[in-house]
Amino acid sequence: MVRLDLTNIHLNYPLLARSASGMKAEGDVESSRIVYDKNGRPRAVRALSGIDLSVGTGERVALVGHNGSGKTTLLHVLAGLLPPDTGTVSIEGQVTSLININLGIQAQATGHANITLRGLAAGFSRKQIAEKRDAIANFSELGPFLDLPVETYSAGMRMRLSFAIATTFTPEILILDEWLSTGDASFRQKAADRMRTFSQAASIIVLASHSLPLIEQVCSRVVWLDSGRVRMDGDVAAVLDAYQEAMAEA
Ligand SMILES: Nc1ncnc2c1ncn2[C@@H]1O[C@H](COP(=O)(O)OP(=O)(O)OP(=O)(O)O)[C@@H](O)[C@H]1O
């Protein structure tokens, strides 16, 4: 059984004193996301305000929303990288996150060494890693670059390696941020195909993206975040239609 449940998640980013200058603007819509002290100085930014989210086996969920609506913050909470201020996070299953392109990658080590390191970290034996190595190498299409240190790779090449490793070692829950769409067109198509088959292996995908075509290709459900709250949650077509309509009116 793989599932994740978030209940009433609140998360504020505290502001350091040096970044907390400026006075509260009366009637400013944006100010509802900023917490001020009694002197009118900004003290924190409200990123998530009462998020409830349950995702079950086989669901591929997209998070959409305006810049600053809380998508990345929510992914960090799901990946266990940021503890919420209040609320509960319950996760059944092994989580792999591809949020930060450099997270979990040793830049001085070669691509092949990174395959070994990530495989061991995911709990696989050296023999199991050896059996999967060709599949990862082929999917990444990095060829001889796998013998060079990762610090010599472009951002797209790092992404190919991270994605190939993460999806070949099939985690039960995969958390992805926008950077997937930085890949070139042919890799994006391959990645989308893999993500569709991925969840048939009883896995969950949560993907934050501004790319509506990618979401339509990959996801089975869309959660629309607005100022740190869930504004709509449901069927891909229904939520994307409402979201696009609201964007057009804004
Ligand atoms: N390190 C930080 N310190 C203070 N506030 C932050 C920090 N990171 C994010 N925020 C604030 O938290 C809110 C949510 O940001 P988040 O990055 O989660 O949004 P997002 O939906 O991923 O945006 P985008 O689409 O632009 O990537 C925003 O109002 C942002 O200003």
Problem - ALA185 paired with ASP37, simple spin-label distance in nm, labels 7 Å along Cα-to-beta-carbon - result: 5.4
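Taking only Cα atoms of the chain, what ratio of Rg to Rh do you get with Rh as the Kirkwood inverse-distance radius? All intermediate terms of the calculation are to be shown ahead of the outcome.
Numbers: Rg = 19.6 Å, Rh = 19.5 Å.
Reported Rg/Rh, Kirkwood definition of Rh: 1.01.
Out of all DSSP beta bridges in the chain, what portion is antiparallel? Express it as a percent rounded to 5.
Details: 25 of 41 bridges.
Close to 60 percent.
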Problem - Dipole magnitude of the chain, debye to nearest 20 (Cβ charges: Lys/Arg +1, Asp/Glu -1, about Cα centre) - result: 680
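Using the crude model of +1 on Lys and Arg Cβ and -1 on Asp and Glu Cβ, and no other charge, please compute the dipole size for segment 190-233 relative to its Cα centre, in debye to 20. Mind showing how you got there, number by number?
Numbers: 6 positive and 4 negative charges, 18 e Å.
Rounded to the nearest 20 debye, it is 80 debye.
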Practice task
Kindly give Rg over Rh for segment 59-135, based on alpha-carbon atoms, with the Kirkwood expression for the hydrodynamic radius.
Solution key: 1.05
Exercise for the section: Quick one: which residues, 5+ away or cross-chain, put their amide H under 5 Å from the amide H of SER203? H built at 1.01 Å from N. Expected result: GLY58
Handout entry: Total charge dipole magnitude, segment 42-164, about the Cα centre, Cβ charges on Lys, Arg, Asp, Glu only, Debye to nearest 20
Key = 120
Practice task
Could you work out how far the C-alpha centroid of segment 109-154 sits from that of segment 215-238, in angstrom?
Solution key: 34
Practice task
Over the chain, give the accessible area per residue in Å² for a 1.4 Å probe, as an integer.
Solution key: 48
Fill in the blank from the handout: Taking only Cα atoms of segment 102-170, the Rg to Rh ratio with Kirkwood Rh works out at 0.91
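How large is the helix-only mean residue ellipticity at 222 nm for the chain, computed as the sum of -39500 (n - 2.57) over DSSP H runs with n ≥ 4, divided by its residue count, in deg cm²/dmol to the nearest 500? Write down the numbers at each step before the final one.
On the way: 7 runs with 83 residues, N = 250.
Taken over the chain, the calculation gives -10500 deg cm²/dmol.
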Practice task
Could you tell me which of GLY156, LEU225, GLN128 has its Cα farthest along the dipole of segment 93-250 towards the positive end, charges placed at Cβ (Lys, Arg +1; Asp, Glu -1), taken about the Cα centre?
Solution key: GLN128
Practice task
Give me the accessible area of MET232, 1.4 Å probe, in Å² rounded to the nearest 10.
Solution key: 60
Practice task
Give the carbon-plus-sulfur fraction of the accessible surface of the chain in %, rounded to a whole number; probe 1.4 Å, heavy atoms of protein chains only.
Solution key: 52
Handout entry: Average silhouette area of segment 149-228, convex hull of alpha-carbon atoms, in square nanometres
Key = 6.1
Practice task
For segment 140-152, just list the computed ³J(HN,Hα) in residue order, Karplus coefficients 6.51, -1.76 and 1.60, θ = phi - 60°, integers in Hz, with x standing in for Gly and Pro.
Solution key: 6, 6, 8, x, x, 5, 5, 8, 9, x, 4, 5, 8
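The values are calculated or read from the model by the stated rules, or taken from the named source; none is laboratory data. Since this is a predicted model, take the numbers as computed values, not measurements. Here the Cβ is made from the backbone with ideal geometry for all residues, glycine too, and neighbour counts use every protein chain on show. SASA here: full protein model, heavy atoms, side chains in, ligands and nucleic acids out. Shrake-Rupley method; radii C 1.70, N 1.55, O 1.52, S 1.80 Å.
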